[in-house]
1. Looking only at Cβ-Cβ distances, which cysteines of the chain have no other cysteine closer than 4.7 Å?
2. Starting from region 9-44, pick out the trypsin sites (Lys or Arg not before Pro) whose DSSP state is loop and whose Cβ has at most 16 other Cβ atoms within 10 Å.
3. GluC sites (Glu not before Pro) within region 5-98: which are DSSP loop residues with at most 14 other Cβ atoms inside 10 Å?
4. How long is the gain from Glu151 to Arg192 if the chain were fully straight, where each residue apart is worth 0.36 nm and the alpha carbon distance is subtracted?
5. What 222 nm value per residue comes from the helices of the chain, counting each DSSP H run with n ≥ 4 as -39,500 (n - 2.57) and dividing by all residues, nearest 500 deg cm²/dmol?
6. Using the Kirkwood formula over every pair of different C-alpha atoms, what hydrodynamic radius in Å results for the chain?
7. Anything over 29 Å Cα to Cα? Flag those among Lys93/Lys269; Lys190/Lys269; Lys116/Lys189; Lys8/Lys190; Lys116/Lys190, in the order listed.
8. In the neighborhood of Ile216, defined by Cβ-to-Cβ distances under 10 Å, what is the net charge if each Lys or Arg adds +1 and each Asp or Glu adds -1?
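Since every read-out is calculated from the coordinates, none of them should be taken as a lab result. Predicted model only: the values in this text are computed from it and were never measured. With ideal geometry, Cβ positions are generated from the backbone for all residues, glycine too; neighbour counts draw on all protein chains shown.
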Amino acid sequence: MSVPEILKRARDGRRLTPDEALALYREGEFIHMGAAAHAVRCAQNDPRTVTYLVDRNINYSNVCITDCLFCAFFRPPGDAEAYVLSREEFARKLEELRAIGGTRILLQGGHHPGLKLEWYEDLLRWLRAEYPDIEVNAFSPSEVTHIAEVEKMPLEDVIRRLAAAGLAGIPGGGAEILDDAVREEISPKKLRTAGWLEAMRLAHKHGLATTASMVIGFGEPYEARVNHLLRIRELQDESVAKHGQGFTAFISWTAQLDTVPMSGLARRKGIRPAGAQEYLRNVAIARLFLDNFRHHGASWPTQGVAIAQTALNAGCDDYGSTMMEENVVSQAGASTMSSILVDEMVLQIREAGFVPAQRDTRYRILKRNEEVAV
Ligand code: SF4
């Protein structure tokens, strides 16, 4: 089937096959795929509105024993720069978030070998008691799996206890590319595809909000990207059928390989970083293939504002979040920004031609910034 025929099928609301997605990766031009993806996005969401979230990223610890080759954030246990945040540091960050009207924190860290499940439960209970107005999304499939391994406990028990302590959602970090041949190369000690999917399957079962993420640009073949999209589409079907809920959104970004352990290997293998064109093509293909994901987020930290604004016209209906601090992709060499002020985010959405609307984690609109789009 030709690319124009595949794009027409997608615009008509027909589900694309993996072979059709592969054809788009190989032959599709962004200008055509972006237009089709925008049409699909407009059919699934209010065409005028682009949502955003006022939140803060907090990296509670950088201690990790998993040594992913693309990661410049982690420090081994005992390293001079290793840290675990104190309650005082959490409190300062939460107060700063409150001051800008934030509604959520996103806690992420490494795989700390010494932190027990009780430490995470105590933190969640303290956060819920001190900051009941701020929702806590935290950890990732690989972090909760690591906690289960430390405790030698079934993963479902860990997720159940974290949810009971106040966890509202598990973000989709650590997915990178859900294809085990790629994972073996870039993160040999990290959980495999089935493990990531199983953690999210359990999160859906226990009513937690989740997102699905994808990181491109490790030199992965297009087939691996299609595998990734297919696996999260299948899990979304399964979770919605069983539990009436699945992932809230899909977000992709590009790997930053400048200052990470695999940068020399990447240069030797001639791996070119995924640039703006490749990012935008992936955004469009994801919208066309993931017909069961209503919300797709743009990513400004790795590609910058102009490309994120372009993504809003190529399949994305959400501009992401303020973040306030970002320590993972920035330490890997992302040259753009680590936070956006709320006013700036609203302005950028307007500049792209949309009405901004503040949302919560589950994409419920909290406030519309109704002024006419510029
Ligand atoms: S990406 Fe996460 S799991 Fe991998 S080394 Fe970095 S902190 Fe550890």
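1. Cys42, Cys64, Cys316, each lacking another Cys Cβ under 4.7 Å.
2. On the way: sites: Arg9, Arg11, Arg14, Arg15, Arg26, Arg41; in loops: Arg14, Arg15.
Here the sparse-neighbourhood loop sites are Arg14, Arg15.
3. Values: sites: Glu5, Glu20, Glu27, Glu29, Glu81, Glu88, Glu89, Glu95, Glu96; in loops: Glu29, Glu81.
Taking region 5-98 and a limit of 14 other Cβ atoms within 10 Å, the loop GluC sites (Glu not before Pro) found are Glu29, Glu81.
4. Details: separation 41, 0.36 × 41 = 14.76 nm, distance 1.93 nm.
Stretched out fully, the Glu151 to Arg192 stretch lengthens by 12.8 nm.
5. Numbers: 15 runs with 166 residues, N = 374.
It lands at -13500 deg cm²/dmol.
6. On the way: mean 1/r = 0.0480 Å⁻¹.
Over the chain, the inverse of the mean reciprocal pair distance is 20.9 Å.
7. Details: Lys93/Lys269 41 Å; Lys190/Lys269 22 Å; Lys116/Lys189 20 Å; Lys8/Lys190 39 Å; Lys116/Lys190 19 Å.
Table pairs above 29 Å Cα-Cα are Lys93/Lys269; Lys8/Lys190.
8. On the way: positive: Arg225, Arg281; negative: Glu176, Glu220, Glu278.
Local charge sum for Ile216: -1.
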